[in-house]
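The values are calculated or read from the model by the stated rules, or taken from the named source; none is laboratory data. If you're wondering where the values come from, they're calculated on a predicted model, not measured in any experiment. We place every Cβ from the backbone using ideal geometry, glycine too, and count neighbours over all the protein chains shown. SASA here: full protein model, heavy atoms, side chains in, ligands and nucleic acids out. Shrake-Rupley method; radii C 1.70, N 1.55, O 1.52, S 1.80 Å.
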Amino acid sequence: MLELDAITLATPQRVLVRNVSARVAGGELLVVMGESGAGKSSLLAMLSGTLPDGFIATGAIRLNGREIGALPTAQRHVGLLFQDDLLFPHMTVLDNLLFALPAGGHRAERCAQAEAALARAGLEGHGPRWPHSLSGGQRSRVSVLRALLAQPQALLLDEPFSRLDAALRERFRAFVFERVREQGIPAVLVTHDPQDVPAGAQVIELRPELDDA
Amino acid sequence: MDTTLRPVKAARGWGWALPAALFVLPLAAALWLGAAEAVDARAWSHLLSDTQFAAALAESLWIAVASTMLSATLCVLIVTRLHGTRAWQRVQGALGGWLAVPHAAFAIGLALLLMPSGFIARLLAGVAGWDAPPDIATVRDPWGLGLIAALVFKELPFLLWNVAAQLRRVGQGAELERQLQIAATMGYSRRTAWARLLWPQLLPRLALPLLAVGAYGFTVVDMALVIGPARPPTLAVLAWQWLLDANAATNHQGAAAALCLTALVAALAAAVVLAWHAVRPAARQRWTRGDRPSAARRFEWPWAGTGAAVYLAVVLSLLFMSIAGVWTFPSLWPSHWTLQAWAGVAHSSSTVGVTAVLAIVSASTGLVLAVAWMETAPAHWDARAAGAVFAPMLVPGVLLVAGLYQLSLHSGIDGRFAGLWLAHSLYTAPYAMVALSPAYRGFDPRYQQTAHALGRSHAAFLLRVKWPMLLAPLAAAFAVAFAVSVTQYLPTQFIGAGRYATVTTEALTLASGGQRNLAAAFALLQALLPAIVFGFAWWLGRRQARRLHAVAMA
């Protein structure tokens, strides 16, 4: 369960998010919509703990009852997916997944775990390949697998579909939502495209308050 | 209607051949003649049986390996700790000033600080109760520690500057920053993320700067003459002394030593590449082990402050020494001050004149060659030209200078200004190219299309649009080339046959002759002349930026 409690987010110039509260249960999706510049990505950065200096943020963020708002990113257990897949180019697909997987067990067991994840995503045998040799859709799927193998307690999606072409987009969207349900963790999706919103999802719409000083 | 589509071929003439030939032909001839000097069986047998050879070689290897490892380690440590903090901004802001202090001037200043009668020993004398300078070699020590320290302080800013340039590259910097964020969401500390993600990607891209640092430490002559070990000196210094010898057989032995250094640079580079490939599999196992070492908060060393303090101390010690009169040992202050050294500098004002004229002429030549190349050759040819461009930076100075001397002998310009001009231009051109190419190659091609679409000639486009817009980077590249010329020691001394004195040759001759006051004054000038030109370039750039800004605001 991810709880946002009275979140307000502002720059010295204007208020981006005013007093937003939401509760996202495991396997559910919260969609944050708004024009570009409305503060969607800043809200995600606040949740992941990567907000740059110069923002003023108030309110509480609780993940499974744990207050995470003041923790450094590395201790929040919140996964993050960007528009770009950001696969590490100096590692093979398998190494990318192993990097995410928590330590413990023999290397063979960890490899088997990563390869099983690849197989479930229809990417059997792609482990030894280099990221640059995969298609855009394959890379996107690997980056989702990587984020989930790190066993996050929540997943943040920063317009992950916007770079893909229409046909691919539909399939990848279904793939991501299915994984989120399967994993049973709350997810927050930021987008400006109404088509990205699945039926029954909670939606928050951010509108820029232009007149605010 | 039947139309055939033909690929449109850009009209590209042979214009590129002229700047390429003007640079590559003398360079290749010099390398060939230098190597030819060394192809002499007797010279090699003399070299290998020389009593100093083995010790000098071991010393050079030790100095090169120690200074390179230390600079690289400190660079990794500093960037890992500081990147993303305000301290990193401070370090980046200070890099330009640190880089602008010439190697030889830095070595002379550091030697003045460290020597047994230097300021540091005087400070210690107060505590330890010494009344005479300690009887230990603190400057030309047999372990080369003084030279290693000088090299590390000079090379570290160069490496940091290269890392900063990689991180600033368009697109790449932001991508690396987001990779760090991804790693953080997976529970990795910043330090572990740097070690497993960023350095494995950055280090291969730093191969060339690291090679330059290693090759420089292995073959440097000017710094080693001031602060390097004396008995025996390093192999590069030995080669230099042999090249200067009046005996032709000894000259051949010097050329053989220079070729030996060159071969060893290549062998060391190959060894490092092989070692990298050998450790990579084990390193990859480590990167992907999945453990998340906690980020233990340790004491943060004030890196920017340390660097600033060392450079300030070095420059101040030069200034201090250039005006110090009689100065008995344990006292911290000279008993009187004197402007004698500066009067001496004023007296030999032709030295400053020769330095400046030579630097202006060869920096202009270098800049013209670089611009001519980039105007006539497509950008993707730069990679092909890289071998020639980097040769003067990577080939040991003693070998290139030996060849340049032969070349100037054959063409009758040895000991003449033309010989110095040629030699200096071979060094200024590549630096001008490296300094200018990011801005010049990054120039938006649509301006050219726009100018041509407006019916203006190509010459008008260059003179009225492109070069005025690129004024700041052109001035900066000129300043870099100017500094490169001012600080040349080997070619100036050798090709000039001692007939042309520059601030650099004077500073080094006087420093090794123990004339500290005058040496300090000339060393300061060696730093000051390029600083004036850098300042002018900076002023031009600012004026330009303000003008463009004013236009944008109007």
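Quick notes
- Placing a label point 7 Å from the Cα of B:Ala388 along the Cα-to-Cβ direction, the residues of the range B:453-495 whose backbone N falls under 20 Å of that point are B:481.
- Inter-chain Cβ neighbour count for A:65-74, averaged per residue, equals 3 (cutoff 10 Å, partner chain atoms only).
- Each Lys and Arg Cβ is given +1 and each Asp and Glu Cβ -1; about its Cα centre, the range B:132-223 then shows a dipole of about 500 debye.
- Calculated FRET value between B:Trp301 and B:Ile120, using beta carbons and R₀ = 25 Å, to 0.05: 0.80
- Counting heavy atoms of the protein chains alone, B:Phe478 has an accessible area of about 50 Å² for a 1.4 Å probe.
- The protein assembly as shown: mean projected area of Cα convex hull, nm²: 44.1 nm²
- Note on the range B:14-87 and the range A:28-45: Cα centroid distance 54 Å, given to the nearest whole angstrom.
- Note that the range A:65-119, at 20 °C in a medium of 1.002 mPa s, gets a Stokes-Einstein diffusion coefficient of 160 µm²/s from its Kirkwood radius over C-alpha pairs.
- Solvent-accessible area of the range A:1-55 (1.4 angstrom probe, protein heavy atoms only): carbon and sulfur portion equals 47 percent.
- For the range B:301-428, the calculated P(r), taken from all Cα-Cα distances in 5 Å bins from zero up to the bin holding the longest distance, is 2, 8, 10, 12, 12, 12, 13, 11, 10, 6, 3, 1, 0 percent.
- Take the Cα radius of gyration of the range B:308-383 and divide it by 2.2 N^0.38 Å, N being the number of residues; the result is 1.91.
- Most positive-pole-ward Cα, B:Ala483, B:Val76, B:Gln89, against dipole of chain B from beta carbon charges: B:Gln89
- The range A:110-205 shape via C-alpha gyration tensor axes, a/c threshold 1.5: oblate
- Taken residue by residue and averaged, Cβ atoms of other chains lying within 10 Å of the Cβ of B:283-295 number 5.
- Positive-end extreme of charge dipole, the protein assembly as shown - chosen from B:Gln179, A:Pro152, A:Leu164 (charges on Cβ): A:Leu164
- Of the residues B:Leu197, B:Leu238, B:Val273, the one whose Cα sits farthest toward the positive end of the charge dipole of the range B:188-280, with +1 on the Cβ of Lys and Arg and -1 on the Cβ of Asp and Glu, is B:Leu197.
- Highest-fluctuation residue, A:Ala57, A:Ala112, A:Ala147 considered, GNM on chain A with Cα pairs under 10 Å: A:Ala112
- Every pair of different Cα atoms in the range B:150-217 enters the Kirkwood calculation, which places the hydrodynamic radius at 13.1 Å.
- Rounded to the nearest 20 debye, the dipole magnitude of the range A:62-213 is 660 debye, with +1 charges on Lys and Arg beta carbons, -1 on Asp and Glu beta carbons, and the Cα centre as origin.
- When B:His424, A:His126 are compared by accessible surface with a 1.4 Å probe, the order from highest to lowest is A:His126, B:His424.
- Mean accessible surface per residue for the range A:1-40, computed with a 1.4 Å probe while every protein chain stays in place, in Å²: 41 Å²
- Site pair B:Thr73 and B:Val279 shows an inter-label distance of 1.1 nm when each label is modelled 7 Å from Cα along Cα→Cβ.
- The alpha carbon convex hull volume per residue for the range B:412-527 rounds to 114 Å³.
- Across peptide B:173-185, the mean count of Cβ atoms from other chains lying within 10 Å of each residue's own Cβ comes to 6.
- Sites B:Arg441 and B:Leu471 - FRET efficiency at Förster radius 25 Å, r taken between beta-carbons, to 0.05: 0.90
- Between A:Val32 and A:Leu189, A:Val190, A:Thr191, A:Ile204, the built amide H atoms are under 5 Å apart, and every one of these is 5 or more places off in sequence or on another chain.
- Inter-site label distance for B:Phe417 and B:Trp130 at 7 Å from Cα along Cβ, in nm: 4.8 nm
- Amide H contacts of A:Val78: A:Gln153, each under 5 Å away and 5 or more positions distant or on a separate chain (H built 1.01 Å from N in the peptide plane; Pro and chain starts excluded).
- Rounded if a/c under 1.5, otherwise prolate or oblate - chain B, Cα gyration tensor axes: rounded
- For chain A, the relative contact order comes to 34 percent (Cα pairs under 8 Å, sequence separation of at least 6).
- Rounded accessible area of B:Met186 (nearest 10 Å², 1.4 Å probe): 20 Å²
- The B:Trp143 and B:Ser294 beta-carbon pair, evaluated with R₀ = 60 Å, returns a calculated FRET efficiency of approximately 0.95.
- In the complete set of protein chains, residue-level accessible area for A:Ser41 is approximately 60 Å², probe 1.4 angstrom.
- P(r) weight above 21 Å for chain A, C-alpha pairs, percent: 55 percent
- Hz values of 3J(HN,Hα) by residue in the range B:156-162 - Karplus curve (6.51, -1.76, 1.60), Gly and Pro given as x: 4, x, 4, 5, 4, 4, 5
- Of the peptides B:241-249, A:193-201, the ranking by mean beta-carbon count within 10 Å, highest at the top, reads B:241-249, A:193-201.
- Cα-centred dipole magnitude for the range B:268-398, charges only on beta-carbon of K, R (+1) and D, E (-1), debye, nearest 20: 820 debye
- Between B and A, accessible area buried - total, square angstrom, nearest 100, 1.4 angstrom probe: 2400 Å²
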